[in-house]
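The values are calculated or read from the model by the stated rules, or taken from the named source; none is laboratory data. Here the structure is a predicted model, which is why all the values come from computation and not from measurement. Note that we place each Cβ from the backbone using ideal geometry, even for glycine, and neighbour counts take in every protein chain shown.
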Amino acid sequence: MKTLILFYSTYGHVYKLAEAVAEGAREVAGNDVVIKRVPETLAREVLDKIGATEAQKAFAHIPVASPGELDQYDAILIGTPTRYGNVCGQIQAFLDGTGALWAEGKLIGKVGGGFVSTATQHGGQETTLRALHTELLHQGMVIVGLPYAWQGQMGHHEVTGGTPYGASTVAGGQGERQPSSNELEGARFQGRHSAEIAKKLSA
């Protein structure tokens, strides 16, 4: 069985969630877990201007995926920052390149899901994940989220991400907040849970 953790990260928050999702997925025996990133679409000058160039060096070693390889995996979990309540342009551009897979039904029956980062608690985490789910459903994928079996999303004693639609983190308006231990645990739970479902489906 193979699981792909695919992400785009501007300042590293989504990358940290991706690592945690992968950790959870690796807990399932016989699961080959791969982490890849989507191609960057912003010019270097823009990345420099928004202060992302230095942050992205932390995951520059992660290989870049191509849309045509997605059918090699049994489960695909996609991480994205939120852009006005939707997936970021880099993720959308990548998914726009999966038309051939859609035409041939190559992703039908595979497990799909998402995880996300927003600047604020109410910055569009759930709408972004639901929008991503819509795209995965068009591919015929089986959507797996973050069930309430993970009780970390039930607390209210601290600011935290975590939704039934997928793991999430709150980055802060300037990206100053890093994923908390609770948020990372939610990501690990989602990775493990998704891989367990994929293993059952591929049996």
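For residues that are surrounded by fewer than 24 Cβ atoms within 10 Å (Cβ to Cβ) and among the hydroxyl-bearing types (S, T, Y), scanning just segment 1-14, find the one that is nearest to T41 (Cα to Cα).
Among residues in segment 1-14 that are surrounded by fewer than 24 Cβ atoms within 10 Å (Cβ to Cβ) and among the hydroxyl-bearing types (S, T, Y), the one nearest to T41 (Cα to Cα) is T10.
Which residues, taken from segment 118-145, are within 21 Å of A100 (Cα to Cα), part of a loop (DSSP other than H, G, I, E, B) and of a type in the set (S, T, N, Q)?
Q139
Go through (1) among the β-branched types (V, I, T); (2) touching a residue at least 60 places away in the same chain (Cβ under 8 Å); (3) farther than 15 Å from V111 by Cβ; (4) in a helix (DSSP H, G or I) for I197 and report which single condition fails.
If we test I197 against (1) among the β-branched types (V, I, T); (2) touching a residue at least 60 places away in the same chain (Cβ under 8 Å); (3) farther than 15 Å from V111 by Cβ; (4) in a helix (DSSP H, G or I), just (3) comes out false.
Of all residues in segment 108-117, which are part of a loop (DSSP other than H, G, I, E, B) and either without any contact (Cβ under 8 Å) to a residue 40 or more places away in the chain or charged (D, E, K, R) (or both)?
Once the filter is applied, which keeps residues that are part of a loop (DSSP other than H, G, I, E, B) and either without any contact (Cβ under 8 Å) to a residue 40 or more places away in the chain or charged (D, E, K, R) (or both), segment 108-117 yields I108, K110.
Which residues, taken from segment 146-163, are surrounded by fewer than 18 Cβ atoms within 10 Å (Cβ to Cβ), part of a loop (DSSP other than H, G, I, E, B) and not aromatic (F, W, Y)?
The answer is P147, A149, G155, H156, H157, E158, V159.
Between a residue in segment 31-51 that is surrounded by 12 or more Cβ atoms within 10 Å (Cβ to Cβ) and any residue that is among the hydroxyl-bearing types (S, T, Y), which pairs come within a Cβ distance under 6 Å, given they are 6 or more apart or on different chains?
N31/T3; V33/T3; V38/Y8; L47/T53
Based on what the data block shows, is T134 in contact (Cβ under 8 Å) with a residue 40 or more places away in the chain and either surrounded by fewer than 19 Cβ atoms within 10 Å (Cβ to Cβ) or on the phi < 0 side of the Ramachandran plot (or both)?
When the stated conditions are applied, T134 does not pass them.
E104: acidic (D, E), more than 18 Å from R188 (Cα to Cα) and modelled with pLDDT of 95 or more, yes or no?
Yes: the conditions hold for E104.
Collect the residues in segment 92-115 that are charged (D, E, K, R) and crowded, with 19+ Cβ neighbours inside 10 Å, keeping them in residue-number order.
Passing the criteria: only K110.
For V142, work out the one condition from (1) more than 17 Å from P81 (Cβ to Cβ); (2) at pLDDT below 95 it doesn't fulfil.
Going through the list (1) more than 17 Å from P81 (Cβ to Cβ); (2) at pLDDT below 95, V142 breaks only (2).
For segment 116-130, how many residues are hydrophobic (A, V, I, L, M, F, W, C) and either under 15 Å from E183 (Cα atoms) or surrounded by fewer than 21 Cβ atoms within 10 Å (Cβ to Cβ) (or both)?
The number of residues fulfilling the criteria is 2.
Scan segment 164-183 for residues that are part of a helix (DSSP H, G or I), over 12 Å from S117 (Cα atoms) and of a type outside the set (G, A, S) and jot them down.
N182
With under 26 Å from V34 (Cβ atoms) and surrounded by fewer than 17 Cβ atoms within 10 Å (Cβ to Cβ) as the only criterion, which of S202, S168 stands out?
Answer to the selection: S202.
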